[in-house]
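Below: one structure in structure tokens.
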Amino acid sequence: MAPKKGRNLSTDARFTEVIDHLASGYKTIGQMVYGVLREAIINGAFAPGEWLRQESLAEAIGVSRIPVRTALLQLESEGLVTFHPHRGARIRTMSAAQIDEVYRLRMLLECHALRLSMAQMTPDRLATLTKLAAALDAEPEGGEFVDTRVAFYREAYDVANNPLLVGLIEDLRGHVGRYLLSFRVHGGRSHSHTGLVDIIGWGDVEAAEKWLYAHLDEVRIGIQSLAADEGASLASTVDLVD
């Protein structure tokens with residue numbers, strides 16, 4: 001849910017928790033600011049559509065506005081925010097139609113990637129997939145869930161032999177925004193990733209594509225619902241701008 005006007009980021013529990021967790025261990029202030037903001041977006045400290053005020057962010061993190069601005073521009077290049085000159089940055093949002101287009105394209109590319117990968121499947125890759133699937137199915141929502149899912153699908157689509165194809169898939173996935181992707185929007189063992197690995201192990205390409213198509217369609221519906229809920233919440237608040 002988007003925060004109401006006047007939120008004090010210096011005392012916001014979710015944001016200060018991210019700062020406390022990540023404020024050390026970086027070589028430069030710029031890297032630290034980028035890491036804090038990226039993690040806050042992924043973990044939902046900021047909601048889709050929320051304005052990020054450079055002055056408030058700098059004060060809460062304890063830095064000047066320059067590294068904050070640099071970090072926001074980097075986050076824009078990753079599709080996490082949209083930068084507006086003289087206004088600041090806003091957490092990326094997508095319409096239902098845009099989400100629909102992304103997932104239709106993903107279905108085409110990912111089914112193709114899965115076919116190519118299964119044709120070159122090895123026992124070692126299958127063993128790695130089995131471990132990643134178990135970890136992914138057990139992972140709670142949040143940033144680690146997103147990272148584990150990325151690792152699983154890179155292996156499932158054989159990124160070593162299909163780097164450009166996997167890159168296109170990840171670019172499409174990134175358009176939705178990691179905040180929404182950090183939620184589990186489907187349920188049931190029929191859509192467990194362990195179940196997909198079982199099908200891959202059997203060598204049943206048709207069944208694997210059917211699983212993937214149904215899974216992505218269910219995720220699409222869930223993401224559209226989440227985006228609509230966030231949009232309705234945002235509509236009841238007042239934009240925060242510099």
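Taking the Cβ of each residue in V205, V219, V36 as the centre, tally the other Cβ atoms inside 10 Å and list the residues starting with the fewest.
Details: V205 15, V219 21, V36 25.
Listing V205, V219, V36 from fewest to most nearby Cβ atoms yields V205, V219, V36.
Report the full-extension gain for the segment T128 to D171: residue separation times 0.36 nm, less the Cα-Cα distance, to one decimal in nm.
Working: separation 43, 0.36 × 43 = 15.48 nm, distance 2.37 nm.
That works out to 13.1 nm of additional length.
None of the figures in this text is laboratory data; all of them are computed from the coordinates on show. Because the structure is a prediction, the values reported are computed rather than measured. Heads up, the Cβs are rebuilt from the backbone with ideal geometry, glycines too, and the neighbour counts pull from every protein chain shown.
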